[in-house]
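Nothing in this text is a laboratory measurement; each read-out follows from the coordinates by a stated rule. What you see is a predicted model; the values in this text were computed from it and never measured. Note: ideal-geometry Cβ built from the backbone for every residue, glycine included; neighbour counts use all protein chains shown.
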Amino acid sequence: MGIKAVIFDLNGIVLTSELLSDRMNRDYEVEPDKFIDALKKIMPILRMPNAPGCFETFEPFLIEWDTSLDENYFLDYWFSGEEINQEVIDLVKKLKKKGIKAFVLSNNFKERVVYYRKNFSEMLNTFDDAYFSFETGFVKPESQAFENILEKNGLRADECLYFDDSSKNVASAKELGIEAIEYTDLKSAKKIMKKELKLGLFF
């Protein structure tokens with residue numbers, strides 16, 4: 001049938017940033033291991049529908065770390081550290097000109113996506129659609145997260161190419177028959193797309 005759609009994880013591919021744990025260590029002397037442990041406890045909660053507020057969930061840890069950060073500052077500090085990878089956006093535009101659909105599939109939470117839609121609206125509008133776990137209720141690597149995109153867009157698994165920087169998410173997509181690739185860098189991703197899509201996109 002051939003590839004009809006390319007699906008991208010968002011953070012680490014379309015959006016890039018210095019690790020928040022490293023920033024908190026540098027700016028507020030929070031030990032990276034402590035911050036990462038907190039993230040592991042918090043993120044599975046925030047990524048789901050009807051989750052409590054992000055700051056409300058983080059606040060006990062911020063108090064413990066003696067950071068004295070209020071809600072507006074903390075959220076802006078976190079989200080404003082992210083940047084659009086313009087090369088990826090340019091690539092998506094080329095895909096769409098060739099008739100290939102492009103989607104975002106992201107485990108993410110409400111406050112962060114609200115920030116993206118306000119500040120990175122042009123980036124998001126480049127894609128045909130974006131699917132966020134706090135809205136869909138499906139969290140990668142659950143198979144339903146991938147099945148939802150296929151169903152909503154009338155796609156077969158073997159018609160999709162998927163990029164993610166998480167090996168677990170890639171493995172889950174592969175089990176469904178999606179051509180899934182663990183993302184390392186844009187140059188490698190372009191080579192794979194050129195091969196799989198059989199289009200002269202990158203000359």
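Take the Cβ-Cβ distance between PHE74 and GLN144 as r, set R0 to 35 Å, and report the resulting FRET efficiency rounded to the nearest 0.05.
Given R0 = 35 Å and the Cβ-Cβ separation, E is 0.65.
Which ³J(HN,Hα) values in Hz, rounded to whole numbers, follow from the phi angles of the stretch 133-140 under the Karplus curve 6.51 cos²θ - 1.76 cosθ + 1.60, where θ = phi - 60° and Gly and Pro get x?
4, 5, 9, 7, x, 10, 10, 4
Would you mind working out the magnitude of the charge dipole of the chain relative to its Cα centre, with +1 at each Lys and Arg C-beta and -1 at each Asp and Glu C-beta, to the nearest 20 Debye?
Roughly 1440 debye, rounded to the nearest 20.
On a C-alpha basis, how far is the centre of the stretch 138-184 from the centre of the stretch 50-68 in Å? Whole number, if you could?
Using only Cα atoms to place each centre, the spacing works out to 32 Å.
Could you please rank THR126, THR57, placing first whichever residue has the fewest other Cβ atoms within 10 Å of its Cβ?
So the residues, fewest neighbours to most, are THR57, THR126.
Checking the a/c ratio against 1.5 first, then a/b against b/c, what shape does the Cα gyration tensor give for the stretch 85-182?
On the way: a/c = 1.66, a/b = 1.16, b/c = 1.43.
Oblate is the answer for the stretch 85-182, as a/c is 1.5 or above yet b/c matches or exceeds a/b.
Per DSSP H run of at least 4 residues, take -39500 (n - 2.57); add these up for the chain, divide by its residues and hand me the 222 nm value, nearest 500 deg cm²/dmol.
Theoretical 222 nm ellipticity from helices: -15500 deg cm²/dmol.
Run the reach check for LYS101 against lysines, Cα to Cα strictly under 22 Å, same-chain hits fewer than 8 apart removed. What comes back?
Partners within reach: LYS4, LYS93, LYS140, LYS152, LYS174, LYS187, LYS190, LYS191, LYS194, LYS195, LYS198.
In vacuum, with every alpha carbon of the stretch 136-190 counted as one equal point scatterer, what does the Debye formula give for log10 I(q)/I(0) at q = 0.23, 0.31 Å⁻¹? Two decimals, please.
-0.86, -1.24
Treating the chain as a set of equal point scatterers at the Cα positions, no solvent, please give the Debye-formula log₁₀ I(q)/I(0) at q = 0.19 Å⁻¹.
One equal scatterer on each Cα of the chain leads to -1.40.
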